[in-house]
Amino acid sequence: MASVYLGITGDIIHPGIINIINEGAKYGELIVGLLTDSAIAPHKRLPYLSYEQRKVVVENIKGVSRIVPQQEWSYVPNLLKYKPDYIIHGDDWVTGPLSKIRDDVYAVMQELGGKVIEVPYTKGINSSALAEQQKAIGTTPEVRLKTLRRLLAAKPIVRILEVHDGLSGLIAEHVSVCKDGEFHTFDGMWSSSLTDSTSKGKPDIEAVDLTTRLQGVTDILECTTKPIIYDGDTGGLAEHFVYTVRTLERNGISAIIIEDKMGLKKNSLFGTDVKQHLAPIEDFSLKISMGKQAQVTKDFMIIARLESLIAGGTVAEALERAYAYVKAGADGIMIHSKDKSGEDVKEFCLAFRGEYSHVPLILVPTTYNQFTEAEFQQWGANIIIYANHMLRAAYPAMVDVAKSILENGRSLEADPLCMPIKQILELIPGTK
Ligand code: SPV
Ligand code: MG
């Protein structure tokens with residue numbers, strides 16, 4: 001019997017997919033290459049269902065003979081492995097970002113002496129449009145919370161953008177760029193103490209309390225579905241920190257990052273005249289382990305942030321602390337620095353990776369931003385946080401408009417600097 005290969009995500013099953021399965025089964029034994037999370041995540045949104053859940057759904061569809069994992073975005077490795085007589089695909093790949101994938105499939109099927117079947121795309125329904133509609137419905141705290149760990153398992157680099165209100169949350173949720181045939185999006189959001197306090201006209205000294213900050217986070221939760229990493233400053237007293245952990249978990253926040261500073265906290269990027277004091281290793285380790293014991297879910301992450309390099313310490317000192325914090329239960333390590341060369345962070349990352357190959361490493365490259373995500377990946381980093389850019393972008397734009405109105409005594413000249421009224425009325429998804 002002839003064999004037919006069909007690669008799918010199998011996350012949202014709709015009539016278009018059933019149609020292609022029915023068509024494929026007419027040609028012979030239908031092998032479904034089910035894309036794994038790590039095959040999908042660098043190119044598209046992470047599926048709602050895990051691989052195992054998707055497998056259960058798809059193997060119960062009439063016409064599917066067997067399921068094999070497709071570990072790569074490209075079909076080629078599986079085509080070479082299973083040597084099907086046919087491969088079937090919707091004709092939506094003729095143009096657009098999938099056309100390169102199509103060319104590769106044609107080349108390999110020719111080599112194998114097989115055929116490519118293209119079925120007309122089912123009009124009016126597709127998984128991406130359904131996923132957009134799903135976004136409008138929102139998500140649950142439980143699903144959102146888990147997503148960060150799933151992303152870490154599925155993607156070499158998890159890309160996080162600072163958000164400080166619903167509007168910036170919408171940007172992190174929806175903005176995408178198509179580059180070299182691939183869609184680039186942000187994977188999640190950073191709730192920054194710096195931008196939360198700055199947007200309230202306050203200094204970044206833990207003066208905005210958790211309850212107030214959570215009001216802002218709630219606005220973000222209401223209009224987004226992506227995971228959130230919360231900037232927990234020092235975490236406060238260990239006895240208070242345990243309550244913070246549970247409050248965040250209840251809200252579906254995926255992780256908190258706490259920094260090992262002591263006394264009045266100042267923002268780490270301030271000038272060198274601000275002396276930062278570090279907490280004793282034992283005290284900070286205890287705070288981490290108390291937080292870990294307090295959490296209710298297994299998915300919430302407590303990430304330890306090292307301020308050694310900010311405080312003028314050495315990479316060796318930072319490493320000593322990092323190892324102690326991992327032993328205390330930290331789910332990840334954020335190394336911070338304001339050195340523009342990035343050399344200290346790189347040295348830290350490479351040494352840390354030598355000791356712990358899997359503990360997530362988080363970087364906040366505000367000052368050493370000449371490096372790309374691909375380079376940070378080579379250093380062994382897993383999460384890159386763009387920690388303050390949405391707020392920093394908004395402020396000068398607003399000042400320019402305010403000045404233009406003052407200079408001209410009217411707002412006509414400021415119009416090109418502003419979003420058109422029509423666009424702002426349509427900005428919020430679902431507005432008609
Ligand atoms: C923040 O965004 O508030 C941070 C990161 O803590 S940094 O400002 O770089 O210290
Ligand atoms: Mg902060």
Solvent-accessible area per residue for the chain (1.4 angstrom probe, square angstrom): 49 Å²
Ranked order, 386, 121 - accessible area, probe 1.4 Å, largest first: 121, 386
Per-residue SASA entry for residue 366, accessible area with 1.4 Å probe, Å² rounded to 10: 20 Å²
Contact order normalised by residue count of the range 5-48, Cα under 8 Å, 6+ apart, percent: 51 percent
Residue-level accessible surface for residue 149, protein heavy atoms, 1.4 Å, Å²: 80 Å²
Cα gyration tensor of the range 3-128 - equivalent ellipsoid semi-axes, whole Å, descending: 19, 16, 16
Helical mean residue ellipticity (222 nm; -39500 (n - 2.57) per DSSP H run of 4+; nearest 500) of the chain: -13000 deg cm²/dmol
Computed over the range 3-128: relative contact order in percent, which uses C-alpha pairs under 8 Å that are six or more apart: 31 percent
Karplus 3J(HN,Hα) series, Hz, for the range 102-108 with 6.51 cos²θ - 1.76 cosθ + 1.60 (x for Gly, Pro): 4, 4, 5, 5, 4, 5, 6
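Starting from the residue with the highest accessible area, list 368, 243 in decreasing order, probe 1.4 Å.
Sorted descending by solvent-accessible area, the residues read 243, 368.
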Shape box of the range 302-423 [Cα atoms, principal axes, largest first, Å]: 62, 31, 25
Rg/Rh (Cα only; Kirkwood hydrodynamic radius) as it applies to the range 138-387: 0.93
Mean separation of Cα contacts under 8 Å (6+ apart) over length of the chain, as relative contact order %: 12 percent
Solvent-accessible surface ranking, highest first, for 371, 300 at 1.4 angstrom: 371, 300
Semi-axis lengths (Å, descending) of the ellipsoid that matches the C-alpha gyration tensor of the chain: 43, 28, 20
Residue 178 accessible area, assembled protein chains, probe 1.4 Å, Å²: 70 Å²
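So how many Å³ per residue does the convex hull of the Cα atoms of the range 161-260 work out to?
On the way: hull volume 10.4 nm³, N = 100.
In the range 161-260, the Cα hull volume divided by residue count equals 104 Å³.
The values are calculated or read from the model by the stated rules, or taken from the named source; none is laboratory data. This is a predicted model, so every value here is computed, not measured. Please note that ligands, DNA and RNA were not included when accessible areas were found on the heavy atoms of the full protein model with its side chains. Shrake-Rupley method; radii C 1.70, N 1.55, O 1.52, S 1.80 Å.
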